[in-house]
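What follows is calculated from the coordinates using simple rules that are stated; it is not laboratory data. In this text, all values refer to a predicted model and were calculated from it rather than measured experimentally. Virtual Cβ from ideal backbone geometry, glycine too; neighbours counted across all protein chains shown.
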Amino acid sequence: MDIINIIQEEVTTTIKVLYGFDVNPNDLIINVTKKEFEGDYTLVTFPFTKLAKKAPQVIAQEIGEVITKNNKYFLSFNVIKGFLNVTISDDYWKQFLNDIIANKDYGKSTFHGKKALVEFSSPNTNKPLHLGHIRNILLGWSTSQILEAAGYEVVKVQIINDRGIAICKSMIAWEKFGNNATPSDMNMKSDHFVGHWYVTFEKKFQEEYKIWQSSPEAKKYLEEKNVKEENIDAFFKKDKNNYFNNFSKIGAEAKEMLRAWEAGDEKVRSLWQKMNNWVYEGFDVTYDNLGVSFDKLYYESNTYLLGKDIIENGLKDKIFYKKEDGSVWIDLEDAKLDHKLVLRSDGTSVYMTQDIGTAHQRYENHQSEKMIYVVADEQNYHFQALFAILQKLGEPYAKGLHHLSYGMVNLPSGRMKSREGTVVDADDLMQEVINEAKKASQAIGSISDMPEEEQELIFKQIGLAALKFFIIKVNPVRSMIFDPSESLDLQGQTGPSIQYAAVRVKSAIRKAGEKYNSESSNEYSNIQKSEKEVLLTLHQFPTIIREAAENYNPSDIANYCYTLAKAYNKFWASGLSMLNAESDEAGAFRLKMSAATLQVLTLGMQLLGIEIPERM
């Protein structure tokens, strides 16, 4: 049995015997003992003072005396005010190590029959994936893996935003300026090729806008708006969207193309299909390089009309209401929100309409109790409103909805803009960190004797570990700056530093070979402080996975892996040798502890999508 459960059981039984009242075991406050005090686990006794009618330090003393007498795993105790610090016997820790080695899935929960759906990535088809998408993808993928480790059946989905004015901008630019070029003609990755035409559209639009600003039409427009001469430049900067909608020739062409697409024009649909297929080919390469995949793809071109029938039924049930202009709304004031539009006056959908319909469709497809949307914090309000609407509609999955909101991610050089072509493409960023990993590894020369193909694999593993860990270790709610050079620091809180610790364990285990009899580890006595710190950290792993799943927070796993690697490095530096141990018993125990550490680090990093190389 887990030592925390043992403590809970013994303490609740003891409280009942000593003081005559019941305590819920899960309400007990039990923490790992602070390093400055003696002990392994600490029970907080202050909550019992009122019912026991005794001082907390007296309660701690009385409980400590009973549980150390009644249970062989409690070696000793001490009391600091109202805190009972308990030292766990070596016998428990030796058995604990044996249990980890015997269970290759240590840390994971068994399948409990529940299903979770995670939506992530969900890109637009007018440009390649970029740094912002990488944070989304890594959070979505690791959340999926963590939920699976916590016992869920997980369905990974994305909705591809494959329609709309942005896509038409790329199409118009290629049609007007592309001369029927293909990605291979321009020697470009296919999604980068389409993104090139999106940027081209913006450049042509800006050129057109600049010329128009000196035209008689613009002068008349400024007069109508009563814009003073000294404010003209500022006015034009803010009025760009109005120009696009009412004056721009290339803007009018893009809008006309969108209307033709919605009308089913064969020529436009054919071009749309061709350019989208180019993008999908590029996306697949990027996803493969990142090591992620999806179980189901949804396309906005198929979902944008969903939800209308749900709203019509909701009107009959008076969940929604119609204004005089024919638009349909819902009152969300009881959810501390405002009134939300769900259908325009002309009967066309808004994003909320299709999100209502898509959620319903997904539940029908997958019957998942939980739906997690990985979307940037710019959409916080939208998801608050969506979830409130689905609650009002009485959808059976409404209580299992969660928005995994995350902050912006930028580079040290500042914020990126897609239309201006200043975004760092995901492919370029991955290649950059892989190249930096290669330079650093070649400078050390530790794998120079390996075949080139194996070296390249290790460079990729190190580079992607740097990228993934640096992004995932930050709590999703926080905005962040990704620094490629800092992410590779072997002395910092980085993916490569954890990989290095694991590789060192692998190397030590290989060198130890058959040196020790595994069974002799059970005879080891007097576990040392640095060993105990590793054991205590290993013991936390199942709890960390469970909490990361409950909180949808992969950074919990990332920071745990760093803590475990740091604890093992401390043991390694303590002078307690594994290869030249003072006894066979000590060597066998440390070998087993090292194997357990490698096992947990490998799984922990795997939950983040990170591989452990054979060498570094």
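Nearest 10 degrees, 0 to 90: what angle lies between the long axis of helix 165-177 and the longest principal axis of the chain (Cα atoms)? Helix 165-177 sits roughly 60 degrees off the main axis of the chain.
Volume per residue of the convex hull around the Cα atoms, evaluated for the chain, comes out as 220 Å³. Backbone amide hydrogens, once placed in the peptide plane, bring MET371 within less than 5 Å of LEU117, LEU401, HIS402, excluding anything fewer than 5 places away on its chain.
If a/c stays under 1.5 just call it rounded; otherwise compare a/b with b/c (prolate if a/b is bigger, oblate if not). Do that for the range 436-606, with a ≥ b ≥ c from the square roots of the Cα gyration tensor eigenvalues. Oblate. Here the Karplus curve 6.51 cos²θ - 1.76 cosθ + 1.60, taken at θ = phi - 60°, turns the phi angles of the range 277-288 into couplings of 4, 4, 5, 4, 4, x, 4, 4, 5, 5, 4, 5 Hz, with x standing for Gly and Pro.
Checking the table LYS169/LYS203; LYS169/LYS240; LYS69/LYS592; LYS219/LYS255; LYS249/LYS308; LYS255/LYS296 against a 22 Å threshold on Cα-Cα, which pairs fail? Listed pairs above 22 Å: LYS69/LYS592; LYS219/LYS255; LYS249/LYS308; LYS255/LYS296. With respect to the chain, whose longest principal axis is taken over its alpha-carbon atoms, helix 190-212 is tilted by about 50°.
For ILE80, the residues whose modelled amide H falls within less than 5 Å of its own, excluding neighbours fewer than 5 places apart on the same chain, are ASN85.
Distant-in-sequence amide contacts of VAL154, defined by a placed amide H-H separation under 5 Å and a gap of 5 or more residues or a different chain, comprise ALA116.
Using unit Cβ charges (K, R positive; D, E negative) and no other charged atoms, how large, in debye to the nearest 20, is the dipole of the range 436-606 about its Cα centre?
On the way: 18 positive and 20 negative charges, 56 e Å.
My answer is approximately 260 debye.
Overall, the chain carries a charge dipole of about 860 debye about its Cα centre when +1 sits on the Cβ of Lys and Arg and -1 on the Cβ of Asp and Glu, all other atoms neutral.
With the helix formula -39500 (n - 2.57) applied to DSSP H stretches of n ≥ 4, the chain reaches a computed 222 nm mean residue ellipticity of -17500 deg cm²/dmol.
So what is the relative contact order of the chain, in percent, for Cα pairs below 8 Å that sit 6 or more residues apart? Let's see the in-between values first.
Values: 911 pairs, mean separation 89.3, N = 616.
Rounded, it is 14 percent for the chain.
When the chain is described by a simple charge dipole with +1 on each Lys and Arg Cβ and -1 on each Asp and Glu Cβ, the residue from SER530, VAL285, VAL58 located farthest towards its positive end is VAL58. When the alpha-carbon atoms of the range 359-487 are used, the pair Rg, Dmax equals 20.5, 65 angstrom. Taking other C-beta atoms within 10 angstrom as a stand-in for reagent exposure, TRP212, TRP278 fall in the order TRP212, TRP278, fewest first. Based on C-alpha pairs under 8 angstrom that are at least 6 apart in sequence, the range 418-485 has a relative contact order of 38 percent.
Between 0 and 90 degrees, the angle of helix 90-102 with respect to the longest Cα principal axis of the chain falls at about 40 degrees. About its Cα centre, the range 3-88 has a charge dipole of approximately 220 debye under the convention of +1 per Lys or Arg Cβ and -1 per Asp or Glu Cβ, with nothing else charged.
Report, to two decimal places, the Cα Rg of the range 124-263 normalised by 2.2 N^0.38 Å (N = number of residues). Intermediate results must be reported in sequence, preceding the final value.
On the way: Rg = 20.6 Å, N = 140, 2.2 N^0.38 = 14.4 Å.
It is 1.43.
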